1. Which of the residues spanning the range 360-374 are modelled with pLDDT under 90 and more than 15 Å from residue 282 (Cβ to Cβ)?
2. List pairs: first in the range 119-130 and assigned to a helix (DSSP H, G or I), second crowded, with 19+ Cβ neighbours inside 10 Å and small (Gly, Ala, Ser), Cβ under 7 Å, 6+ apart or cross-chain?
3. For the range 607-618, does any single residue satisfy the condition of being within 21 Å of the chain's Cα centre (by Cα) and in a strand (DSSP E or B)?
4. Condition first: surrounded by 19 or more Cβ atoms within 10 Å (Cβ to Cβ) and hydroxyl-bearing (Ser, Thr, Tyr). Now tell me which residues in the range 587-638 satisfy that.
5. Go through the range 520-530 residue by residue and tally those that are open to solvent by less than 20 Å² (accessible area, probe 1.4 Å) and at pLDDT 90 or above.
6. Suppose we filter 246, 215 for residues that are at pLDDT below 70 and acidic (Asp, Glu); which single one remains?
7. Could you tell me which residue of the range 131-157 is most open to solvent (accessible area, probe 1.4 Å), considering only residues that are in contact with a Ser or Thr (Cβ under 9 Å, 6 or more places away or on another chain), at pLDDT below 75 and not in a helix (DSSP H, G or I)?
8. Given the criterion touching a residue at least 24 places away in the same chain (Cβ under 8 Å), out of contact with any strand residue (DSSP E or B) (no Cβ under 6 Å at 6 or more places or on another chain) and of a type outside the set (Val, Ile, Thr), identify the matching residue among 521, 489, 475.
Amino acid sequence: MTFAAPLLAGVAAAIAIPALLILYFLKLRRREVEVSTTLLWKKAIQDLQANAPFQKLRKNILLLLQLLVLIAALLALAQPEIRGQARTGERTILLIDRSASMQALDGAEDGSLTRLEAAKQLAIEQVEAMREPGLLSGAETADQAMVIAFDESAEVVEHFTSDKRRLIEAIRSIRPTDAPSSLREAFALVDAQRPRVQPPAGAEPADPARAAALDEAPPPVRPQLVHLFTDGRLPDAGSVLPEAPDQIRLHAIGDPNAPNLGITAVRAERRYDQPAQLSIFVGVENTDRVQREADLELLIDGQIAGVRRVTLPPATAPGDANAPTGDVPAEGVPPATPTPPRTPGAGGAVFQMTRPEPALVEVRLRPVFDGGTDVLRVDDAATLVVGPARRTSVAVVTPGNLFLTEALRGLPLAQLDTYTPESYQAAARSGRLPAHDVTILDGWLPDAPSAAAGADGLAAPGLPPGNWLVFGAVPEPPFGLRPTGEVAPAQFIDWRRTHPALGGLTLAPVRIAELIVTEIPDGSTAEVIAETNEGPGLVELSAAATRAIVAPFDVAASNWPFDVSFVVFLAAAIDHLDTGSASTEGLGARQIPTGQILSDRLPPGAQGIVLTPPSGPDIPLTPAGDGRVVYGPLKQAGVYRLAWSGPAGVADTDRGGRVERLYAVNLASSSESDVPASAQLVTASSVVQAVDPRETERTQRLWPWFVLAALALLMLEWWVYNRKMAI
């Protein structure tokens, strides 16, 4: 048992108890009274002796009862408490997982709570167990807590405070999201809030060498107690390295054998040679230990277009008869050894159709009733935005590059026109140059500056409005790059594998004989998408009406044309420049995973831009100088609608004077659909075991019982006093 305010109770006791005893020592002031008999003299003498000062106290039941009342009141004032087994840190951080898997309906045995609701209840219990400030000792003796909610990103819901009401309100305000979970940002936020303990002034050691060493060493960190409320679906936990002094208490939420069927992958593809042929690929996983069946429904613009029955094998663990080959844990493995994960059963279906028109595709998963359950619903649906079937018209301007022209002839383009620089300039000046979706420039740029204005209102030299793929030439500032005047051999060392033009490519074998070494000027919109050992190797440029991908080297002076990646790059770059699509993580045009950023470029002149999420109010957006709009991260799965007034782009829809562009946002995460809760957290430095929920720290406050005891004794003393007076 501990006392929250022992000093206050001690001061009150030092005053109240002696005061009560003094009252019984005081001599009463008497007045003369005539009595009728000497029999009353004995009683008067006893009364005088009891009230004479410095006399021994006689047995008095009233004094005993009054002392007991006073002691009970003083103990209540000291605020006695009984703590549970777990200790409470001075600074406690409550990390609450709000990711998609926390919406699973197994937070309670009867299915009445989601995991997030159960996690919030446990977090509130931790807040209620915090030590409160003493009346005299102040806030220094109180525990403080911070609330952080996280999914793929993390945010502080409530900063460090000892106000329990604010902490509980912050916990209750946390809402679930459809985003996957990541622990890295959450712990980065924990470390950012840590106070650094500075050494006291004047405590420098006498040894100068030691003093210099201490000056270079970082200040010591203050340990924190971190309560992590999650189901353990944290795929990046192994890369997290918590600070050594911190203590992590894992509260595992959910059933370790939770069954779930979920859509973990979805994509749409058109045949490159026959764009009207559309294929929809759907991947499904099963975490149940038994085989399950489910129906996949395909809806096109809200109408059912097909149904496929899929059979999903059971999930397997190492050691099962039908488990994949791998390491099997030996008997007697200590508890600190990570438990091998269970492998979900996988299956899927393919829907094929002929549809040249654009479409809004929805796939729904409906488990067949076979006695099993499905605890997570957010992964039972996915959407796709499919553009119209079309082919691109391309112009190539080259003095004669056999590699480039032959590679382009192998692509299924709607039109391919080949020009020399002279014939292209002549056609442009005479007005006889036909419109092309993409123009490829080989070692040459147009002579005259364009009228295309960038974000600062300056012209874009060498590139008129349009979509351009440039090899062996460099558009200069303010639109482009700044050549250094050097030419050097180079090779690719890094590239953005998530960029639409580079998805799935390997550029490591490419060797460049003559790279034009360039620099990116300050304030440029240039974005390096592939880096060489000598500088930028592939750069994307954008202005209000001009988009370009620039390769500052001659492909004929490299081995790239002999690698299959060159043809794939040409096809992907042309498609990306033509459609202007937003692509994230290689999912294709206008398909964005939950938790990511929506970033897209609108046609010049777009005004009144409004983004409508699947639920919630409209969000007005303001475009950048190059027409790019950015919003996110996107926390809810579904269809987002971007509408504006002005010109329409490829695959946009005109609805009564307002142009509309759709984006499909899906969870499609295998780690989130794999919902069985984990009782372990494997970090980069340790394996944290989940605490027993029955041992959750609780503080039982005893002062109300002492108040009740004081009141009961006071009533008893009043009854005894009145009885004696009556006698």
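1. Pass one, the range 360-374, residues modelled with pLDDT under 90: 367-374.
Of everything in the range 360-374, those that are modelled with pLDDT under 90 and more than 15 Å from residue 282 (Cβ to Cβ) turn out to be 368, 369, 370, 371, 372, 373, 374.
2. Pairs found: 127/145.
3. Step one: list which residues in the range 607-618 are within 21 Å of the chain's Cα centre (by Cα), which gives 613-616.
Then drop every residue that is not in a strand (DSSP E or B), which leaves none.
Looking through the range 607-618, none of the residues is within 21 Å of the chain's Cα centre (by Cα) and in a strand (DSSP E or B).
4. Selection gives 594 alone.
5. Adding up the residues that qualify gives 2.
6. 215
7. In this case the residue turns out to be 132.
8. Values: 521 fails: out of contact with any strand residue (DSSP E or B) (no Cβ under 6 Å at 6 or more places or on another chain); 489 fails: out of contact with any strand residue (DSSP E or B) (no Cβ under 6 Å at 6 or more places or on another chain).
Being touching a residue at least 24 places away in the same chain (Cβ under 8 Å), out of contact with any strand residue (DSSP E or B) (no Cβ under 6 Å at 6 or more places or on another chain) and of a type outside the set (Val, Ile, Thr) holds for just one of 521, 489, 475, which is 475.
The values are calculated or read from the model by the stated rules, or taken from the named source; none is laboratory data. Just so it is clear, the structure is predicted and the values come from calculations on it, not from any experiment. Methodologically, a virtual Cβ is constructed for each residue, glycine included, from the backbone with ideal geometry; neighbour enumeration extends over all protein chains shown. Remember, those area values only see protein heavy atoms, side chains included, never the ligands or the DNA or RNA. Shrake-Rupley method; radii C 1.70, N 1.55, O 1.52, S 1.80 Å.
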